[in-house]
Amino acid sequence: MENDDPLPGLEQPNRREFLLTAGSTVAAGVIAAYGPAHASTVAAADAAASAVEGAVPITLRINGQDHSLRIDPRTTLLDCLRETVALTGTKKGCDHGQCGACTVHVNGRRVLSCLNFAVMHDGEEITTIEGLGTPEAMHPMQEAFFTHDAYQCGYCTSGQIMSAVALLKEPCGPDDAAVKELMSGNICRCGAYANIVAAIQQVRKRA
Amino acid sequence: MHTFEFIRPADQAAAIASAAQSKTAQQGADVRFLGGGTTLIDLMKLNVETPARVLDINRLPLDKIEATSDGGVKIGAMVRNSDLANHAKVQKDYLVLSQAILQGASAQIRNMATVGGNLLQRTRCVYFRDTSMACNKREPGSGCPAITGHNRTLAILGASQNCIATNPSDMCVALAALEATVHIQGPKGLRTVAFGDFHLLPGDTPHRETVLEPGDLITHITLPPPIAGSRQLYLKLRDRASYEFALASAAVVLTIASGNITRARIALGGIGTKPWRSPEAEAALTGKAATDDTFRQAAEAALRGAKPQSENKFKIELAKRCLTHALRTVTAS
């Protein structure tokens with residue numbers, strides 16, 4: 001083993017010290033990437049994160065509010081939103097760009113937040129389902145999903161609604177087939193598709 | 001995911017200088033350019049890609065679509081797939097490209113994915129994506145379990161005994177038929193590569209997928225001037241109606257005069273180890289009457305060298321019917 005010493009001349013920690021060090025590093029890492037899940041303590045999470053090795057400072061404008069964060073570059077936009085900023089409306093489905101549950105808007109366009117690093121979006125404008133409306137003042141698309149019962153378990157719903165709102169500004173033919181094609185990136189395991197299309201078409205007709 | 005250094009280069013020169021320090025620009029690259037992230041971040045999560053340095057080039061000014069002096073078009077490497085597909089000139093003059101892009105992936109992914117990234121899209125072969133399995137593309141010399149394993153979606157053209165992975169891109173099939181040119185800025189300067197020469201066949205080196213060397217940055221592609229009166233179509237066949245990779249696809253650019261085909265450009269997708277231009281099909285069409293017989297002969301010619309794997313013999317006939325149907329559709333109107 002002596003021949004494998006990676007750092008000759010440097011004092012090596014004994015086993016107990018190593019474990020303690022590793023343990024505290026892991027704990028700090030958890031705090032950094034996955035801060036306390038309460039919006040009111042975001043500032044505390046930001047401060048804790050600053051202690052983490054390799055964390056980089058970024059500012060995201062999320063739902064109209066600036067968030068200055070220090071974040072591990074590996075953190076996806078999805079994990080950043082859910083775990084660091086504590087906005088859990090955006091859902092993690094497959095985490096590999098195959099389901100659409102994590103759909104958010106970046107600078108007004110819909111994207112998959114699981115296939116982006118948060119650091120890529122320094123200074124950019126993010127909109128999540130929380131920024132769309134409130135239970136008291138719903139976005140017309142949220143209201144239409146509610147009216148048409150366009151969900152069952154609800155897990156894909158925030159992604160569906162973020163996609164549907166973006167679709168309103170995209171080139172899209174008038175018929176149901178065109179809507180289905182442009183909504184194909186959002187998978188619903190419950191099979192609420194028919195009602196989702198009806199909800200979107202109602203909003204498009206009223207717009 | 002492995003740790004990496006995240007850098008946003010100030011300009012193109014800085015990006016190239018930094019990437020030039022990579023040992024390879026192919027599989028196993030220790031420096032990677034990051035565009036939309038739709039392939040790279042997916043593969044980093046799987047530990048198939050483990051770059052030590054990631055260069056975010058999203059803010060480099062390579063996002064323009066411009067007319068060229070010869071009447072063609074120049075498309076920046078960072079143009080998003082959706083912006084390219086919905087561009088007025090592309091829809092008017094290069095319809096097959098717009099159709100191919102809009103039949104690929106989903107609206108969200110098309111908003112993210114870049115032109116340069118699409119040229120470098122990696123195979124969906126399950127063995128490549130799973131680090132617990134052998135794969136000659138990921139780990140040269142480790143073997144190809146796909147040959148005796150799950151190969152239903154894999155290649156029937158251009159495969160070798162080392163690799164049968166399919167190139168999954170739709171956009172690249174259209175670019176092959178449109179005879180695009182790839183413009184590359186590298187440490188040694190600028191060079192251009194004809195689209196058909198950009199991707200490599202697997203042969204004995206399946207880990208080498210393109211001609212790119214360390215530091216090479218795709219800056220843009222160009223398309224030649226549109227062919228007046230050409231008829232264009234991209235037809236894609238897949239396991240579900242949308243948001244799925246091709247089992248077989250065909251990009252067709254035809255010119256017809258008095259019922260005869262005067263010019264044909266044909267490329268096939270979903271069946272080859274690279275975007276599959278078919279000079280055999282083009283030769284079988286050129287100068288012939290636009291009839292079902294001619295179309296079938298072109299399809300036979302295109303698939304003559306096809307070698308099926310254990311699970312995908314059906315793709316030979318599927319690809320023939322795909323091309324035949326595309327030709328029939330595009331000549332019907």
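The lone criterion from (1) at pLDDT below 95; (2) not in a loop (DSSP other than H, G, I, E, B) left unmet by residue B:228 is number (2). Just one of the listed residues (B:113, B:77, B:105) is surrounded by 22 or more Cβ atoms within 10 Å (Cβ to Cβ), farther than 26 Å from residue A:186 by Cα and among the hydrophobic types (A, V, I, L, M, F, W, C), and it is B:77. Going residue by residue through the stretch B:109-128, is there one that turns out to be touching a Cys at 6+ places or on another chain (Cβ under 9 Å) and among the aromatic types (Phe, Trp, Tyr)? Looking for residues that are touching a Cys at 6+ places or on another chain (Cβ under 9 Å) and among the aromatic types (Phe, Trp, Tyr), one finds at least one in the stretch B:109-128, hence yes. The residue list A:157, A:84 contains one member that is crowded, with 23+ Cβ neighbours inside 10 Å, free of Cβ contacts under 8 Å to residues at least 24 places away in the same chain, within 19 Å of residue A:63 (Cα to Cα) and not hydrophobic (A, V, I, L, M, F, W, C), which is A:157. Would you confirm whether any residue within the stretch B:176-184 is charged (D, E, K, R) and either assigned to a helix (DSSP H, G or I) or more than 13 Å from the chain's Cα centre (by Cα) (or both)? No, every residue in the stretch B:176-184 fails to be charged (D, E, K, R) and either assigned to a helix (DSSP H, G or I) or more than 13 Å from the chain's Cα centre (by Cα) (or both). Looking only at residues in the stretch B:1-38 that are within 17 Å of residue B:59 (Cα to Cα) and without any contact (Cβ under 8 Å) to a residue 24 or more places away in the chain, the one that is nearest to the other protein chains (Cβ to nearest Cβ) is B:32. When the residues of the stretch B:172-222 are filtered to those that are β-branched (Val, Ile, Thr) and closer than 12 Å to residue B:16 by Cα, the one that is surrounded by the most Cβ atoms within 10 Å (Cβ to Cβ) is B:218. Of the residues examined, residue B:302 is not one that is surrounded by fewer than 18 Cβ atoms within 10 Å (Cβ to Cβ) and closer than 30 Å to residue B:160 by Cβ.
Listed conditions (1) surrounded by fewer than 18 Cβ atoms within 10 Å (Cβ to Cβ); (2) more than 25 Å from residue B:200 (Cβ to Cβ); (3) within 14 Å of chain A (Cβ to nearest Cβ); (4) in contact (Cβ under 8 Å) with a residue 12 or more places away in the chain are all met by residue B:47, apart from (2).
Return a yes/no flag: does the stretch B:87-97 have any residue that is under 16 Å from the mean Cα position of the chain (by Cα), more than 20 Å from residue B:218 (Cα to Cα) and not hydroxyl-bearing (Ser, Thr, Tyr). Yes, some residue in the stretch B:87-97 is under 16 Å from the mean Cα position of the chain (by Cα), more than 20 Å from residue B:218 (Cα to Cα) and not hydroxyl-bearing (Ser, Thr, Tyr).
Return the total of residues in the stretch B:236-256 being more than 14 Å from every other protein chain (Cβ to nearest Cβ) and surrounded by fewer than 24 Cβ atoms within 10 Å (Cβ to Cβ). Qualifying residue count, the stretch B:236-256: 4. Taken over the stretch A:160-205, residues that are surrounded by fewer than 13 Cβ atoms within 10 Å (Cβ to Cβ), within 14 Å of chain B (Cβ to nearest Cβ) and of a type in the set (D, E, K, R) amount to 1. Residues that are part of a strand (DSSP E or B) and surrounded by fewer than 24 Cβ atoms within 10 Å (Cβ to Cβ) were ranked within the stretch A:106-122; the one that is nearest to the other protein chains (Cβ to nearest Cβ) is A:109.
Per-residue answers, yes or no, for (1) within 12 Å of chain A (Cβ to nearest Cβ); (2) aliphatic (A, V, I, L, M); (3) in contact with a helix residue (DSSP H, G or I) (Cβ under 9 Å, 6 or more places away or on another chain):
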{"residue": "B:60", "(1), (2), (3)": "no, yes, yes"}
{"residue": "B:102", "(1), (2), (3)": "yes, yes, yes"}
{"residue": "B:106", "(1), (2), (3)": "yes, no, yes"}
{"residue": "B:114", "(1), (2), (3)": "no, no, yes"}
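The values are calculated or read from the model by the stated rules, or taken from the named source; none is laboratory data. Note that the coordinates shown come from a computational prediction; the quantities given were computed from them, not determined experimentally. Glycine also receives a Cβ, built like all others from the backbone with ideal geometry; neighbour counts cover every protein chain displayed.
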